[in-house]
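Structure first, then comments.
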Amino acid sequence: MSEFRRVTWIVLDSVGIGAMPDAASYGDPAGGDTLGNVARKRPMKLPAFAKLGLGNIKLLAGIPTTNEPTASYGRCALTSPGKDTTTGHWEMVGIHLDKPFPLFPDGFPREIMDEFERRIGRQCLGNFAASGTEIIKQLGEEHMRTGSPIVYTSADSVFQIAAHEEVIPLFELYKMCETARAILRGPYEVGRVIARPFIGEPGHFTRTSNRKDYAVPPPKGMLLDQLDAKDVNVFSVGKIFDVFLGRGIREYEKTKTNADGMSKTLAALDEVDEGLIFVNLVDFDQLYGHRNDVEGYARALEEVDAWLPGFMDKLTSGDLLILTADHGCDPTVAGTDHTREYVPLLAYQARKPNGTNLGLRTTLSDIGQTVAENFGVHISHGQSFLSTLS
């Protein structure tokens, strides 16, 4: 018998809670602290998070501590080298990397680009590290004139292809991504190839919700494989399906915004009686962290906070809610890249709304191991805290 018949695991993408000791070695500016700095720069009202115990994890401006947290609380370190989506999500499910995914801050080698251009039959624009919104502003007009896709990367291990939907149709853009994924092997095997479609006219380009990620296949034996073998239903919301290439996921919902993701997560409670609902809310990272938008980041946190009470009201005695993140992306520091940070951990059970201090967890895999133990399986890394919740 499972301790909890249903677990809802929500990843607040990039909502880190303070720099890890090795952050400088990953190129982070000093003082990275996504939650702490956003709270300091823009006062937020987060009563639901405060009640759960968010302010007990560390002192956060305007977010009080509580003597009676309704959730168990703590923070997790990232053991694997890196600070990106794939590294963080993989570690959650028990995969630890020996070395980071390769980075290409000066663009991709000529032999890679030559082969890519040969296969797609088009010349490319860009091939340098850039913000996605800035590069389409810079090269979008030329792209529309020439039909050349825009290739770019970032401080993360990504090969991104931007194209106007009326210049390169989605099916062709996706095919280009599949081609890139096939080429990028060995020392060039980036964590993700990403389709970045956009629309509009020069000076008024906007990215669409038709983004698509092509991740490296995760090694076999990770949490979702184990749950599938045990016949545990996994329902994903957001980019979880793409990160894990759908492995072990029986039903899924893609999302356009955080609001869409929250709506679909709430609806999932009516569809999934038992198993794991695995959610990623990406707007924090995609819309606000990378764009240094402190106001947007704070507002997005307040929107999730306002949604949480209604969601929690639908939970029953057999439910466990886990809230965490995968890395940081501090919008207040110099640069637009991810930041290597600890991530918050909140674990709420409706039948016992009083929490305990889970402390500093040495790896994100502790969350995965907790979910694994709950459903009667085991993953290769992590220490379960399930008994602490009982």
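The values are calculated or read from the model by the stated rules, or taken from the named source; none is laboratory data. The structure presented is a predicted model; accordingly, all values stated were derived computationally and were not measured. Every residue, glycine among them, receives a Cβ derived from its backbone with ideal geometry; neighbour counts consider all protein chains shown. Calculation scope for accessible area: heavy atoms of the full protein, side chains included, ligands and nucleic acids excluded. Shrake-Rupley method; radii C 1.70, N 1.55, O 1.52, S 1.80 Å.
For the reader, a short list of remarks on this structure follows.
- Remark: relative contact order (the chain) = 31 percent; criterion is Cα-Cα distance under 8 angstrom and separation of 6 or more residues.
- Sequence-distant residues sharing a close amide H with Ala129 (under 5 Å, placed H): Gly107, Thr153
- Distance from the alpha carbon centroid of the stretch 191-238 to that of the stretch 1-73 works out to 24 angstrom.
- The chain - percent of accessible surface contributed by carbon and sulfur, probe 1.4 Å: 50
- Debye, to nearest 20: dipole size of the stretch 73-148, +1 on Lys, Arg Cβ, -1 on Asp, Glu Cβ: 140
- Amide H contacts of Glu341 (H built 1.01 Å from N, under 5 Å, at least 5 apart or other chain): Met20, Gly328
- Amide proton proximity set for Thr70, modelled H, under 5 Å, gap of 5+: Leu52, Gly53, Gly355
- Inter-site label distance for Glu172 and Asp114 at 7 Å from Cα along Cβ, in nm: 2.5
- DSSP-defined antiparallel bridges as percent of all bridges, the chain, nearest 5: 40
- Using the Cβ-Cβ distance between Ala229 and Thr257 with R0 set to 56 Å, the FRET efficiency works out to roughly 0.95.
- Two-site label geometry, Ala182 and Lys45: point separation in nm, points 7 Å out along Cα→Cβ: 5.5
- Most tightly packed first, judged by the mean number of other beta-carbon atoms within 10 Å of their residues, the peptides 123-132, 268-277 read 123-132, 268-277.
- Segment Thr146-Ser317, extension gain: residue separation times 0.36 nm, minus the distance between their alpha carbons: 55.7 nm
- Cross-linked pairs Lys41/Lys264; Lys99/Lys137; Lys230/Lys254; Lys256/Lys314: Cα-Cα separations exceed 29 Å for Lys41/Lys264; Lys99/Lys137.
- Near Thr179: Cβ cut-off under 14 Å, other residues only, Lys/Arg at +1 and Asp/Glu at -1. The net charge is +2.
- Rough spin-label spacing in nm, given labels placed 7 Å along Cα→Cβ, for Lys137 and Ala306: 2.8
- For the stretch 102-173 versus the stretch 240-258, the gap between their alpha-carbon centres in whole angstrom: 25
- Per-residue 3J(HN,Hα) values for the stretch 226-233, derived from phi via the Karplus relation 6.51 cos²θ - 1.76 cosθ + 1.60 with θ = phi - 60°, read 5, 5, 4, 5, 8, 6, 8, 6 Hz in sequence order (x marks Gly and Pro).
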